[in-house]
Amino acid sequence: MPISCEQRVPFKIPDGLVCQVIKFVWLCILLASSNATGDAPATAVKLVDGFSSNEGTVMLLFNSTWGPVCDDGWNLDAASVACRQAGFGPAMTYTTGNRYRTRLRADVMHLDDVRCTGTETALTDCRSRPLGQHDCRANFEAAGARCSVLGPSRTPAPDWNPLRLEGASREWLANMSRSTFRLQGVSYGHGSSLAVIAEVSNGPAGAVCVDDVTLREANVICRQLGAGQYGRFLHSFQISDLTLDGLTNSSRPVLLLGNCLGNETLTRQCVVYKSNRGVPCKSSALALGVTCTSDLPDLVPDTQALQTSVYLAKVPLYYMACALEENCASPMAFELQKNDPHWPFANRNLLKFSSIVANEGTRDFLPLRDTGTWEWHLCHMHYHSMEYFAHYEVYTRHNRTHQTFASGHKASFCLEDNACRDGSQPRFHCSQDPTERGTQGISPGCKDIYLHDLDCQWVDVTELPYGRYAFRLVVNPEYLVAEASYSNNAIICDLYYSVNHVSLSGCRLTHPFEY
């Protein structure tokens with residue numbers, strides 16, 4: 001409606017002000033009308049009445065009230081927008097006709113005729129009727145969705161702060177990187193343990209922080225000290241107990257070390273911060289110690305066996321009872337088990353494959369836990385010797401961000417010598433007798449063969465949308481058992497996943513640091 005500045009008003013106002021007042025009033029009316037018809041964005045989306053949290057009727061929050069979305073025009077693109085707004089991945093499927101039988105008020109329907117491209121960040125960004133306007137019957141036309149489930153996402157640490165030290169400034173870390181230092185190993189306690197001592201900028205000696213040191217860093221420390229090629233064990237001591245010659249009564253460690261690959265020859269090739277006044281260290285009362293050696297195992301997974309053995313299997317949950325006890329399913333499977341009375345008949349899509357791991361080192365690969373602490377697992381009839389031997393992951397990479405979609409793991413319930421090359425004899429054999437623990441490990445020159453038909457040799461991809469991904473297998477993923485090299489502990493492949501086909505290609509050995 002055109003606004004005329006010549007309209008009559010019942011009181012006298014200066015001519016120049018009349019037009020401005022009328023325009024302001026009309027602007028307020030237009031804004032109020034816009035909000036009333038629903039241009040204000042909805043604040044949230046949730047899914048209700050599904051058997052798991054990633055599925056259900058789509059509910060939209062508008063004017064402090066939750067209401068459904070009409071299924072007129074509802075498709076996979078719109079469902080994907082709703083899924084992402086609800087905190088999940090893209091939609092696996094969409095539903096219409098109030099599939100989840102949600103009890104709704106007949107007159108409440110927040111959105112109708114939704115048209116999305118799939119790239120929107122919220123349902124209110126899609127084309128639709130104004131919020132609240134519809135010609136639908138809520139109990140018969142409510143839209144729903146079944147969403148993929150996102151795992152954790154990881155973004156690389158900033159180049160200037162690779163150890164993600166809290167409260168550290170770029171300038172401060174740069175200054176702590178410039179100082180020169182020297183390491184020495186001093187015998188401490190019984191056996192071959194060495195306390196690792198650092199001298200920074202020719203200053204007094206001090207301890208090394210234990211926070212970010214793994215067996216990867218231990219390998220490099222031992223080489224630099226000339227005490228052996230590899231680090232076999234890590235130790236920690238109370239700084240107050242160290243009364244060694246040349247060591248000051250320092251209240252804090254003076255050197256912080258981390259992010260080694262494990263194949264470096266000098267610690268300065270890793271990330272090192274040092275300061276005579278002390279470095280940021282959460283375990284500031286402890287000092288680092290190592291035990292060095294020249295013989296260690298070296299695990300190498302078989303790329304060919306992995307790439308040629310992969311396939312898809314649809315398995316009812318009642319066949320996965322033992323696997324569920326070891327958490328070998330996606331979180332949604334456990335929600336189904338809890339909420340759906342018919343859960344045993346629900347199928348899971350499993351990405352199955354074989355895993356063959358050889359010991360190419362010069363020493364036995366042994367579980368971290370002592371034999372006396374192994375746990376008998378009645379369902380599988382064997383002892384658990386190591387909680388976490390291998391990790392499997394389906395993920396994507398985009399703009400340096402690593403987004404996990406599905407993952408699995410192998411609980412090391414039966415590490416043994418299944419096959420050995422000429423000249424090597426199998427020595428490790430698992431026991432299925434609860435009164436006899438048997439022996440577990442992998443001898444040099446032998447392989448642990450874990451075929452695709454065994455429990456937990458899979459990744460549950462039931463909530464994974466079809467598409468192209470990366471697949472990753474890592475053995476000894478937490479570096480809990482010392483190895484001669486960690487640069488061959490991972491396999492990375494390209495994964496293609498469709499409705500009736502799955503394949504791995506381009507599989508190669510690499511360091512677990514690579515994604």
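Since every read-out is calculated from the coordinates, none of them should be taken as a lab result. Please read these numbers as outputs of a predicted model, since none were measured by experiment. Neighbour counts run over all protein chains shown; Cβ positions are idealised from the backbone, glycine included.
Here the calculated FRET efficiency for K314 and R101, from their Cβ-Cβ distance with R0 = 30 Å, stands at 0.70, rounded to the nearest 0.05. Does region 170-293 come out rounded, prolate or oblate, given a ≥ b ≥ c as the square roots of the eigenvalues of its C-alpha gyration tensor, rounded meaning a/c under 1.5 and, failing that, prolate meaning a/b above b/c? It is oblate, given that a/c is not under 1.5 and a/b is not larger than b/c. The listed peptides 79-91, 171-183, 298-310, 154-166, ordered by packing as a protection proxy, come out as 79-91, 298-310, 171-183, 154-166 (highest mean of other Cβ atoms within 10 Å first). Helix 15-36: angle to the longest alpha-carbon principal axis of the chain, degrees 0 to 90, nearest 10? The answer is roughly 60 degrees.
Taking a point 7 Å out from the Cα of R277 in the direction of its Cβ, the residues of region 159-174 whose backbone N falls within less than 17 Å of it are 167-174. Applied to region 451-461, the Karplus parametrisation 6.51 cos²θ - 1.76 cosθ + 1.60 on θ = phi - 60° returns per-residue 3J(HN,Hα) values of 6, 4, 8, 8, 4, 6, 8, 6, 10, 6, 10 Hz, with x for Gly and Pro.
Listed by chain and number, the aspartates and glutamates whose alpha-carbon sits under 16 Å from that of K410, ignoring those within fewer than 8 places in the same chain, are D302, E325, E326, E375, E387, E393, D448, D453, D455, D460, E478. Label-to-label distance for S505 and H429 is 4.4 nm, based on points extended 7 Å past Cα in the beta-carbon direction. Between 0 and 90 degrees, the angle of helix 76-85 with respect to the longest Cα principal axis of the chain falls at about 70 degrees.
Taking 0.36 nm per residue of separation and subtracting the Cα-Cα distance, full extension of the segment from F513 to V186 would add 114.6 nm. Counting 0.36 nm for each residue step from N175 to S407 and taking away their Cα separation leaves a gain of 79.5 nm. With a ≥ b ≥ c taken as the square roots of the eigenvalues of the C-alpha gyration tensor of the chain, please select rounded if a/c is under 1.5 and otherwise prolate if a/b is larger than b/c or oblate if it is not? The shape class here is oblate. Listed cross-link partners K314/K447; K282/K338; K314/K338 are compared with a 32 Å cut-off, the Cα-Cα value being larger for K282/K338.
Distance between the C-alpha centres of region 313-335 and region 254-274: 42 Å, rounded to the whole angstrom. Could you check the simple spin-label distance between K46 and Y388, using points 7 Å along Cα→Cβ, in nm with one decimal? So the two model labels end up 3.2 nm from each other.
Dividing the helix sum by the residues of the chain, where each DSSP H run of 4 or more adds -39500 (n - 2.57), gives a mean residue ellipticity at 222 nm of -4500 deg cm²/dmol.
With just the Cα atoms defining each centre, how far is region 195-235 from region 414-482? Give it in Å. The distance from the Cα centre of region 195-235 to that of region 414-482 comes to 32 Å.
Summarising the label geometry, the points placed 7 Å from Cα in the beta-carbon direction at R421 and R437 lie 3.2 nm from one another. Close amide H pairs (under 5 Å, H built 1.01 Å from N) link L296 with T362, R363, residues at least 5 positions away or on another chain.
Roughly how many debye, to the nearest 20, is the charge dipole of region 44-147 about its Cα centre, given +1 on each Lys and Arg Cβ, -1 on each Asp and Glu Cβ, and no other charges?
Values: 11 positive and 12 negative charges, 53 e Å.
Magnitude of the dipole: close to 260 debye.
Students often get this wrong: which residues of region 335-366 have the backbone nitrogen under 15 Å from the point 7 angstrom along Cα-to-C-beta of S294? Residues 362-363 qualify, since their backbone N sits under 15 Å from the label point.
What does the C-alpha gyration tensor say about the overall shape of region 299-510? Classify as rounded when a/c is under 1.5, otherwise prolate if a/b is larger than b/c, or oblate.
Working: a/c = 1.98, a/b = 1.24, b/c = 1.59.
In terms of gyration-tensor shape, oblate.
Roughly speaking, what is the stretch gain from T373 to N339, that is 0.36 nm per residue apart minus the C-alpha to C-alpha distance, in nm to one decimal? Value of the extension gain: 8.7 nm.
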